[in-house]
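Enquirer: Quick one: structure below, then a few questions.
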Amino acid sequence: MPPVTSVVPGDPIVVAEDLTKVYGDNRAVDGISFSISQGESFGLLGPNGAGKSTTMRMIGGTLTRTGGTMRVAGLDPAERGPEVRAHLGVVPQQDNLDEELTVRDNLIVYGRYFGLPHSYLRTKADELIEFAQLTEKAKAKTTALSGGMKRRLTIARALVNEPKLLLLDEPTTGLDPQARHVLWDRLFRLKEVGVTLVVTTHFMDEAEQLCDRLIVIDHGRIMAEGSPRALIREHSTREVVEVRFGAQRNAAVVDQLEDVATRLEVLPDRILVYTDDGEAALEEITGRGLNPITSLVRRSSLEDVFLRLTGRTLVD
Amino acid sequence: MQDLQRLAASGRVPAPEVMAARARRWGWWYYVEYWLRTAKAWFQSILIYMVGEPLLYLVALGVGLGTLVDNGVGTVDGVPYLVFVAPALLISTVVMSTGGELTYPVMAGFKWDRLYYGPHATPVTPAQIATGHLIGVLIRFVVQSLIFWAIMVAFDAVPRGVLVSALVIPIGVLSAAAFGALLQAYASTLQDEGYQFAFVQRFVIMPMFLFAGTFFPLSAMPVYLHWVGWISPVWHGTQLARQVTYGAVEPAWLTVVHVLFLLALTVVGVLWARRSYTRRMGS
């Protein structure tokens, strides 16, 4: 067996080249290449069906790839699946906790799959329960937990083998805003102590909160790559004015807005006016007597980047 | 404030390659451990079932129907009806229990609760999950066969002797493995809601129970129906069980066929399930 590459901070821990997954005639992942450094927080951003989860599963080798190469800690997950997965913590898109078991038992059972002894797991389970803020619920059946609690438990479970690399597939989808913030806080702390995070999401705010660097994926291809800030700088303006004139009038006023904006985006319910000075643009618009029903000046976000790159909004 | 540095890297975890090596060797057993832990939750209700079922069957068929049979034809295969039917009921009921254990729970693992996908993200492989699930269920059948056997002893239905008759326990488990592994493999190929299981219950499991020499010798049926017995793990298991409980007489080659048939079905089922789990979870 080839030697296991030692993991050094800054070194790439995941390297994918020309990664491809084909289902029938659907190219779910269509030749994507990326590299993730140790300690980095890396995002895969894209709409549902873009190929994010498929890519994620190929990192852990739980999905056979059709083509390309993949190295995780220097190993090919297709050939050395158990070794690769021993390096990983995986938080799947859908929780698959055993609802009949207690919170604590879910952690212990999972730790056993890594061959970890009970002596280690007894204390580890308590630490993880504390991390997941579930101390009160340790002996409760998992079925009694809220969505946010289950998610935190799933993350705690993924840490049982002290992985260097944590794969999170849509960690906060379906959670209310408060639960999301609690979860982001937990993930941020893990990042601080050097755990590499790989996060898929279709939430722009999540990507901006968590990711040092990300790739924007659509139809299985990489549309753009960079830090959230760099992507915004490159593909959008500093600010955006959102104006609504009502569904009937939106189309009619577009012509009169063109010279106000660096770029315009006409959505069914509103017009996005891209400009570096939002307030000035809005003043100009109202000065022309266009009187939008509502208006909002905001900073550009990754949502705008995605819209620019694909012509579509991320979450319909 | 929790020391997260320690949480993320306490230094108490072995190297990844060590964890992987352990899982390669013992992954199936880790899944058995998990299965046993979940079984604890419903152990009480299953225990009532495992004790109640033999009692009901032995009283109704062995004692009740048995009185009629014994008064009418005297003996069956040279022994009282209770003695004749008891080993068959053990085998039948244990094999029938696979219909609950290795159908819907398999569907839950892949689809409803996605329970298989938890261990799938660890060093444990799909093939190990398949085998671990089967072995967990077989451990339950060891207990179930043991209880049934103890009740047979209490009913004085083991004229060949208590010790020899205890062999019905491994025979029961082997019969259940022969049918159960195939059923598990078949269940793992189903993508929809498992409507097929009701069909299997009615048209595979029930006929095995009724026509595989359980209530009357296979020879009492028309020759053109004997095949039902021959392809049924219940019949092969029952014939073996009858040898060890009351000394039913069969040619040696047939005994060998019984054992080989059950072993062969088990091996085919296990290999098919491992392959099917690997394919389904890897796609």
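The values are calculated or read from the model by the stated rules, or taken from the named source; none is laboratory data. Keep in mind it's a predicted model, so treat the numbers as computed, not measured. Note that we place each Cβ from the backbone using ideal geometry, even for glycine, and neighbour counts take in every protein chain shown. Note: accessible area is taken over every heavy atom of the protein model, side chains too, but ligands, DNA and RNA are not part of it. Shrake-Rupley method; radii C 1.70, N 1.55, O 1.52, S 1.80 Å.
Enquirer: Of all residues being in a helix (DSSP H, G or I) and among the polar types (S, T, N, Q) in the stretch A:261-316, which is least open to solvent (accessible area, probe 1.4 Å)? Just the residue, please.
Expert: Among those residues, the one meeting the criterion is A:Thr310.
Enquirer: For B:Leu65, indicate whether it is farther than 30 Å from A:Gly111 by Cβ, open to solvent by 60 Å² or more (accessible area, probe 1.4 Å) and more than 23 Å from the chain's Cα centre (by Cα).
Expert: So B:Leu65 passes the test.
Enquirer: For the stretch A:244-260, which residues satisfy the criterion of being open to solvent by 70 Å² or more (accessible area, probe 1.4 Å) and over 25 Å from A:Ile232 (Cβ atoms)?
Expert: The answer is A:Ala247, A:Gln248, A:Arg249, A:Ala251, A:Asp255, A:Gln256.
Enquirer: Being more than 9 Å from chain B (Cβ to nearest Cβ) and on the phi > 0 side of the Ramachandran plot is the requirement here; does A:Gly39 meet it?
Expert: So A:Gly39 fits the description; yes.
Enquirer: Counting residues that are β-branched (Val, Ile, Thr), which helices (runs of 4 or more DSSP H) fully inside the stretch B:1-78 reach at least 1?
Expert: Counting at least 1 such residues, we get B:16-41, B:43-57, B:66-73.
Enquirer: Could you go through the stretch B:125-142 and let me know if any residue there is farther than 25 Å from B:Arg22 by Cα, open to solvent by 10 Å² or more (accessible area, probe 1.4 Å) and at pLDDT 95 or above. Step through it out loud before you land on a result.
Expert: From the stretch B:125-142, those farther than 25 Å from B:Arg22 by Cα are B:140-142; that's our starting set.
In the following step, the residues that additionally are open to solvent by 10 Å² or more (accessible area, probe 1.4 Å) were identified as B:140, B:142.
Next cut, at pLDDT 95 or above only: B:140, B:142.
Within the stretch B:125-142, one or more residues are farther than 25 Å from B:Arg22 by Cα, open to solvent by 10 Å² or more (accessible area, probe 1.4 Å) and at pLDDT 95 or above.
Enquirer: Somewhere in the stretch B:196-207, is a residue within 28 Å of B:Pro80 (Cα to Cα) and either surrounded by 15 or more Cβ atoms within 10 Å (Cβ to Cβ) or among the hydroxyl-bearing types (Ser, Thr, Tyr) (or both)?
Expert: Within the stretch B:196-207, one or more residues are within 28 Å of B:Pro80 (Cα to Cα) and either surrounded by 15 or more Cβ atoms within 10 Å (Cβ to Cβ) or among the hydroxyl-bearing types (Ser, Thr, Tyr) (or both).
Enquirer: In the stretch A:51-64, what residues are open to solvent by 10 Å² or more (accessible area, probe 1.4 Å) and at the interface with chain B (Cβ under 10 Å from one of its Cβ atoms)?
Expert: Correct list: A:Arg57, A:Gly61, A:Thr62, A:Thr64.
Enquirer: Separate question: Can you find, within the stretch A:15-65, the residue that is nearest to the chain's Cα centre (by Cα) among those that are free of Cβ contacts under 8 Å to residues at least 24 places away in the same chain and more than 22 Å from B:Pro16 (Cβ to Cβ)?
Expert: Looking at the filtered set, the residue picked out is A:Gly49.
Enquirer: So, in the stretch A:113-147, how many residues would count as being without any contact (Cβ under 8 Å) to a residue 12 or more places away in the chain and hydrophobic (A, V, I, L, M, F, W, C)?
Expert: Here the count works out to 1.
Enquirer: Among the residues in the stretch A:165-174, are any charged (D, E, K, R) and more than 29 Å from A:Gly31 (Cβ to Cβ)?
Expert: No, the stretch A:165-174 contains no residue that is charged (D, E, K, R) and more than 29 Å from A:Gly31 (Cβ to Cβ).
Enquirer: If you don't mind, another one. Taking B:Val234, is it surrounded by fewer than 24 Cβ atoms within 10 Å (Cβ to Cβ) and assigned to a helix (DSSP H, G or I)?
Expert: For B:Val234, the condition - surrounded by fewer than 24 Cβ atoms within 10 Å (Cβ to Cβ) and assigned to a helix (DSSP H, G or I) - is not met.
Enquirer: Go through the residues of the stretch A:196-214 one by one and say whether even a single one is within 14 Å of chain B (Cβ to nearest Cβ), open to solvent by 10 Å² or more (accessible area, probe 1.4 Å) and either at pLDDT 95 or above or touching a Phe, Trp or Tyr at 6+ places or on another chain (Cβ under 8 Å) (or both).
Expert: No; the residues of the stretch A:196-214 include none that is within 14 Å of chain B (Cβ to nearest Cβ), open to solvent by 10 Å² or more (accessible area, probe 1.4 Å) and either at pLDDT 95 or above or touching a Phe, Trp or Tyr at 6+ places or on another chain (Cβ under 8 Å) (or both).
Enquirer: Determine the pairs where a residue that is within 25 Å of B:Arg160 (Cα to Cα), located within the stretch B:248-275, has a partner that is surrounded by fewer than 18 Cβ atoms within 10 Å (Cβ to Cβ) with Cβ atoms under 7 Å apart, the partner being 6 or more residues away or on another chain.
Expert: What qualifies is B:Ala248/B:Asp77.
Enquirer: Something else now. One residue is enough: does the stretch A:74-89 have a residue meeting the conditions more than 13 Å from A:Leu165 (Cβ to Cβ), among the aliphatic types (A, V, I, L, M) and open to solvent by 30 Å² or more (accessible area, probe 1.4 Å)?
Expert: Looking for residues that are more than 13 Å from A:Leu165 (Cβ to Cβ), among the aliphatic types (A, V, I, L, M) and open to solvent by 30 Å² or more (accessible area, probe 1.4 Å), one finds at least one in the stretch A:74-89, hence yes.
Enquirer: Touching a Phe, Trp or Tyr at 6+ places or on another chain (Cβ under 7 Å) and either of a type in the set (Ser, Thr, Tyr) or open to solvent by less than 20 Å² (accessible area, probe 1.4 Å) (or both): which single residue out of B:Gly269, B:Gly229 fits that description?
Expert: Unique residue meeting the criteria: B:Gly229.
Enquirer: What's the number of the condition A:Leu187 fails, among (1) closer than 23 Å to A:Gln38 by Cβ; (2) modelled with pLDDT of 95 or more; (3) of a type outside the set (Lys, Arg); (4) in a helix (DSSP H, G or I)?
Expert: Of (1) closer than 23 Å to A:Gln38 by Cβ; (2) modelled with pLDDT of 95 or more; (3) of a type outside the set (Lys, Arg); (4) in a helix (DSSP H, G or I), only one is false for A:Leu187: (2).
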